[in-house]
Each structure stands twice: as C-alpha cells, then as structure tokens.
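Asker: Below you will find the structure I want to go over with you.
We did not get these values from a lab; they are worked out from the coordinates using the rules stated. Values in this document were obtained by computation on a predicted structure and should not be read as measured data. Virtual Cβ from ideal backbone geometry, glycine too; neighbours counted across all protein chains shown.
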Amino acid sequence: MLSTGILQRLATFALCGLLCGCGPAPRQDGRIDLILWKNLAGLDEEAATSALIDRFNAVQTRWRVVAQSLPQGGYDQSIVAASLAGRMPCVVAVDNPMVASYAWAGHLRPLDGEVPAPLIAAVSPAAVGRYAGKVYAVGQFDAALALFTRRSILARMQTRIPTLDRPWSGAEFQTLLERLKAGGQYRYPLDLSTRDDKASWWTYAFSPILQSFGGDLIDRRTGATAEGVLNGAAALRFGTWFQMLFAKGLVDRSEPDDNAFIKGRAAIAYNGNWSAPEFQRHVGNDLLVLPPPDFGHGVVIGGGSWQWAISRTCAHPDGAGAFIAFMLQDAQIAAMSDATGNVPVTEAAAAMSRDFGPRGKSRVFFDLMRRFARPRPATPGFSTVANAFTTALRDIMDGKDVHDALDDGTDDIDRTIADNHGYAAK
Amino acid sequence: MNRDRRITPLVFGAPALIGLAVFLVLPFLMALVLTFTDQRLVSPQPGAFVGLRNYQRLLSVGALVQSPERDRDTAYVRVRAVTRSDPAWRGYRPLGDFRIGARRVTILAKDPPFLRALGNTFAFAMMVVPLQCALALGLALLVNAGIRGETVFRAIYFSPVVMSMVIVSVVWAFLFDRDLGLLNQTLGAISFGVVRPVDWLGNPATAMPAIAIMSAWQGAGFQMLILLAGLQGISQELYDAARIDGASVWQRFVHITLPGLRQTIVFVLIVTTIAALGLFTQVDVMTGGGPRGATATVMFEAVRHGVREGDIAYGATISVVYFALITGLIVLQQWLMRSRARVAG
C-alpha cells in the first residue's frame, strides 16, 4: 500500500538517525556485535541487566552484546517503528502479553533450536512466551501477586490465617472485609491499587480474579471469541462482586497515593512482590503475605513479566540464542533475583538465590508463582483485550450495568478478532 | 517585475510552507487514505480497502422503540439483548433513552463512546473558554494596575504555563482527592463541615468541570500576556479624558477597555477554543476518560483506538471526521460574522 510505503521510508529515515548516530564504534577483535534492546524498568534492574551482559561478554570470544535502553512508556511504539523500518535489534525484551502479537506479526523468531530445550523446560510455565505451539520468549524472572496484611489485624478480627493449601474462600474474604469496614477504623479496608488506571495493571491484577470466578478474558482453546467467557454467568458474578466492593465502600475507586497500607488507611493490600520490601520496612514482622482468595475455581495470579526474544531479522540468531541460554543458567537467574528482588523462574535458581530458597524470606512468592500463576491469553489482539476488559471493569466500578459493560467488552474483542480475520497466519 | 512579485512571497514563505506540507498536509492526506482501509500498526496481513466501513462504525445512529412487556408496565426487553440478537441492530449500543407514553425509545449508535466524547469535548470548550479568558483578563487587569512588583506577579501567573501539563495534572489530581485533597479540606473547613466531601474526579457530574477549572488555571497565564499587550496598546489619553468626564471605573472598563481589546479578545477566544478542542493530557493523566466515559474526549478516543489498540485506520477516521467537523464550524462562524458585518455596514 502506498501510505505504508511512505510510512516505512519515513520510519527508516528516523530510526537510521537514531541507530547510526548512537551505535557503537566497531572494535577490532573479530567479535560480532549483537544489538539488544531493553526497557528501562528501574535502576536496580538496569544495573543488574548491564552486569549480566558484561558477564556474558567477558566469557565470549564470538559475540558481544551491545545493549540499548529505551523508555518503558514508549517501548512498544519503538518496537513497532523498528519493525516497520526493518531495523529490529537482534535481542529484544518483550512484555509477556505482547509476545503473541509480535510473533504473529512476524517480528520474532521461535527460540526452538536456538536455545537448548532442557533450559526452557526448567522454567516456570508462565515465564515462557508461547504462541501457536512455539516458544518465542523466555524470562529470567517473574512477579507474583499476593494479599498483604498485618498479623495483628487478623488476630483482632479473630480470622484464621489462610495458607497456600487453604486460602480464604470468597465468602470468608467478604465477611472479613465487611467486618473491617463496620469496625470503623478503615474507611476503605482493601487497597486494590486502583490509583493506577492503566490497562496493564487492571488486566494483570483483576483478570486472574475473573478466572478464579470461572470466567476468562477470551476462550483460550480457540482464541476466537470472548462470547460466553467474558460475559458468561461466571463473569457476571465476578462483575457483580467487583461493583459491590466499591458500592459498599470496601475499596476506594482511586487511592490518593500508594501508601494506603503502610500508613494504616487500608487493612489489606492486593499488590505484587515488588512492594514487599517497602511493606516489610514499615510493618516489620507483623507483615503477612497471603494467597489471594479462591472464588470457586482455585487461586489464580497473573504470570509473565518482561522476557527475552530474538527478532526475525537478526542476522546471528545463534549468537542471540547463546546469550539467552547464558542468562537462563541458574547462577545468572539467581544473580538477577538477588539484585532486583524479582522471583526467579527455576527451582534450582530459587534454591541458589538469597531470598527465594526453601527457607528464604521471599519464598512465598516463588510458591505462589509456581502454583497459581497463569499467563494472560496468548492472543495477538491482547492490547484490545486488555483495553476492552479495563474499560468494562472501570465502568462497572463506576456503576454501569454489569451485563451491559461485559457485553460491550466482549463485542469490542470479538469485532477486533473478526477484523483481523481471526488472526490467521500470513 | 510582475513575475518577481509572484515568486518573492513563495520564496519567503517556502520554509514555513514546506514544513506545513511535510508535517501537516502530507500526514493528513495519508490519514485520509488510511480511513478507507483496515490498516493496523502491528499485523502481518496487508491493509485492505474496506470502503466506508470505518465511517459507518463511527457515525451510525438509530432509534429503537420498545413497548413494555405485556404483564408489567415498566419492564422492557434489555436493549443489549436486542442489539446482540437482532441482525438489523448488530454492532449498535445504547447511547441514551427517553419515554414516549408507555414506550421506551433508545438512541443507538455503533460507537457511543465517540459521540459522548464529542459532546464532552464541546462541553469542555464551553466551560473552559469563558472561564480561562475571564481569568486571563482579570489577571491582566491586575498586573496592569500599576502596583509594585508587577513583574513578579506576571512571572507567577505565567509559571503554570511553562510547567509540564503532566506534572500539573498529577498535582491537581491530589488537590481534587475526595478524602485527602486540599480542595475538599478547605471547603469543609470554611463551611464548618457543612459541605460534604465531593469526589471531584470520580463523579460524572463534576469530573469535567474539575478538569476545566484546572486547565483554565494552567493556561490562563498565556492569554494574560496577550491581553496585557493589548491593554498596553490602549491610549492612556482615553482614560484621562474619561476620568475628566467623570466616568466610573466600570464605565471606563466597559466603554474603553473592552472596545480597545476587541481584536485581542477575538484572537484569545479563538486560540483558547483550538487548545480546548485538543484536550488530551489532563484526561489521560487524571481520569483515563472515566468515570463512565464522562471525561473522554475526541483526541483521547483517537489515541485509544489508533495507538493503544493499534487500529490506526479507525484512529485516523476519528481525526478526519473531527477535522471536518471543526472546519465546518469555522466556515459557519466566518460566514455568520461576514453577514453580520454586512448588515452592520
């Protein structure tokens, strides 16, 4: 198409300026440079990834990985622009739910053959980015969601402390929340981090609860429709429950800051392992990390964080594969976990790590991830799915008819799938 | 000589014209082409021409008339049940409803969020333009009154303009907070608790006015500067003469200041309106288009569809329709002003 041609040429032009300008000067030791793109997530992760790359380069004679960091906010757009321009780097960091989209669009190359299969087999399933039966990405770490509360609060409420084997039921959780609210000490007993209104958080945090109710974002077997899944009976129960949380004032529709739990404004926080150090610092030994409730179909938490993939246009996939194989070594995974506090993705790496070993202070997150993490659906239409779900759920929060809101979300998703001819392969 | 006269303006205009052509006209023409396709940002499938499908999805409206179910008087079949089962209404969603006798009429549209966003955007413009211009005029008059430290005040009033809109939005989201926000705390304190806390950004009725207030505060400094320049262009002799004639402050304002500022005010109104119709950042940061779509704007919808969901063709359609709409309004306004001038002349 004419306009795409122009668009491509423009993007090439813009990107060439970027890459040619900032690219490393060639060095004369016969090693081949592999460009790597990563998202700027945080200072710890940035430093840990740089250290990882340095260690890889130090033991290599054939390859040298050259890392370029891009802001996380525009990361997705950068990948799209680079792929339109045919200037994808060799190794790319990809957020797990976007793997299917990039794989379908032909930006990524399957890892099978480039990375030894036993290495991938050892990785927790949710940390592997699969699409259409192939592995396209794999992560060094994952995250885990949990309920955080204080031991003293549960003692005062005379509520049992749930375990991974016996989590709270939906009814128990409900009773506790209402008693906390009735106690008058907490204006909003539960903090769901609703301050973050981005689709990424809402999908990551609340679609697992929908799954625990027995619904889902789309029909995962076919990937062809959301009908009956996002707007079925189970989803309606989930939506009604979610609306009730706000109608009864158990959750604030927009927390003013991220400190509701540590400041004692909320009794329970639904949050990720990344918040644990902060909570620990303020709450100390009173802190309890609990599995989310079982709403009838088991405990479910979201799985899949940032992962590594090889681009289709990479001229040296064997080099990229060597890098990914290197960082999947248990020692490398453990080092990353020690530096960043992220959950390691293999059993052996967890045992080697400082905090996630069988007696480590963060072990509970590893167990949560291993037992309950399920990846978000691997559909190329994920961004639409996430937006549709988030819009529906935020409308439900603000009082829209639950059935109408979920029907709207379902129709959005189904229309996008139809528009893309069912995401048929090229 | 004659040829020179034709070429010279083109030569001098070339830098600007080339810039406009490359960065405005060309992208717009590309967008126009995109609106007839199903082009996606990320897809291995090549974009195909789909005719007017995007326009139909954006603009289709209809009305569904329902009689109550027989046994009860106020129960109707659920509208969404009808639109999802009746092929004639496939893809339609309710926009609003009203009653005629026992019948319920539901206005349906294929993209109610867009139509609501269109209404929201114009509602925002209606709120923010008078507010911001009045505020700017007030500030300009204050700064121009010849009090000491005029420059300091001018700098203070102008400072929000140079601040990043994202930062201003985050700060104001704190100020507007229901329980901890400064605004509610102040209202509660000065009314001794009579005024109950308002969930400014969480209530569909107050969310857009709240954003309008914040936007007016942020932007007024810019209009203040322009009006200030206009004020200083009014001859002091006029004021002196009026004072000798015994004109009051109010009379001087109405009969000298306002007429003297007429052209400036028209310019300021136009500039403010254009900025208001492009509302995006505040909404994206403060409300994400909520609650229940009460603050979604056209630009917000265009970005949501075109960029975040990767449906660039549909995003382009929204932009093109919006462009056509605004162009139409401007042409209408110009025509009205010209015909009024003719009547006056």
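Asker: Within a 10 angstrom radius of the beta carbon, how do A:ARG130, A:ARG359, B:ARG243 rank from fewest other beta carbons to most? All intermediate terms of the calculation are to be shown ahead of the outcome.
Answerer: Working: A:ARG130 20, A:ARG359 6, B:ARG243 12.
The fewest-first ordering by Cβ neighbours comes to A:ARG359, B:ARG243, A:ARG130.
Asker: Taking square-rooted eigenvalues a ≥ b ≥ c of the alpha carbon gyration tensor, is the stretch A:77-203 rounded, prolate or oblate, where a/c under 1.5 means rounded and, failing that, a/b exceeding b/c means prolate? Can you show the working numbers first?
Answerer: Working: a/c = 4.06, a/b = 2.21, b/c = 1.83.
Since a/c reaches 1.5 and a/b is larger than b/c, the shape of the stretch A:77-203 is classed as prolate.
Asker: Extending each Cα 7 Å along its Cβ direction at B:LEU187 and B:VAL170, get the distance between those two points in nm, one decimal.
Answerer: 2.5
Asker: Shape of the stretch A:281-426 from its Cα gyration tensor (a ≥ b ≥ c, root eigenvalues): rounded if a/c is under 1.5, otherwise prolate when a/b > b/c, or oblate? Mind dumping the intermediate values first?
Answerer: On the way: a/c = 2.98, a/b = 1.24, b/c = 2.39.
Cα axes put the stretch A:281-426 in the oblate bin.
Asker: While we're on this one: Amide H to amide H, which residues 5 or more places from A:ASP95 or on other chains are under 5 Å from it, using H placed in the peptide plane?
Answerer: It is A:GLN307, by chain and number.
Asker: Shifting gears a bit: Which of B:SER319, A:SER353 has the fewest other C-beta atoms within 10 Å, and how do the rest follow up to the most? It would help to have the intermediate numbers written out before the result.
Answerer: Numbers: B:SER319 22, A:SER353 25.
Lowest to highest Cβ neighbour count: B:SER319, A:SER353.
Asker: Under 16 Å between alpha carbons, and skipping anything fewer than 8 positions from A:LYS248 in its own chain: which lysines qualify?
Answerer: A:LYS181, A:LYS400
Asker: While we're on this one: About the Cα centre of the stretch B:114-310, how large is the charge dipole given +1 on each Lys and Arg Cβ and -1 on each Asp and Glu Cβ? Please answer in debye to the nearest 20. Display every interim value, and only then the final one.
Answerer: Values: 11 positive and 10 negative charges, 28 e Å.
So the magnitude is around 140 debye.
Asker: Still on this structure, please answer the following. For the protein assembly as shown, what proportion of DSSP beta bridges, expressed in % and rounded to the nearest 5, is antiparallel? Don't skip to the answer; put the middle values down first.
Answerer: Working: 37 of 56 bridges.
The answer is about 65 percent antiparallel.
Asker: Below 15 angstrom from the Cβ of A:PRO317, what's the summed charge of the other residues (Lys, Arg +1; Asp, Glu -1)?
Answerer: Working: positive: A:ARG62, A:ARG109, A:LYS134, A:ARG312; negative: A:ASP33, A:ASP112, A:GLU114, A:ASP318.
Summing Lys and Arg as +1 and Asp and Glu as -1 gives 0.
Asker: Going by how many other beta carbons lie within 10 Å of each one, how would you line up B:ARG196, A:ARG370, fewest first? Spell out each step's value before the answer.
Answerer: On the way: B:ARG196 10, A:ARG370 19.
Ascending number of Cβ neighbours within 10 Å: B:ARG196, A:ARG370.
Asker: Taking H as built 1.01 Å from N, whose amide H comes closer than 5 Å to the amide H of A:ASP112, not counting residues under 5 places away?
Answerer: Distant-sequence amide H within range of A:ASP112: A:VAL135.
Asker: May I ask you to list the residues of the stretch A:58-84 whose amide nitrogen lies under 16 Å from a point 7 Å from Cα along the Cα→beta-carbon direction of A:ASP29?
Answerer: A:58-67
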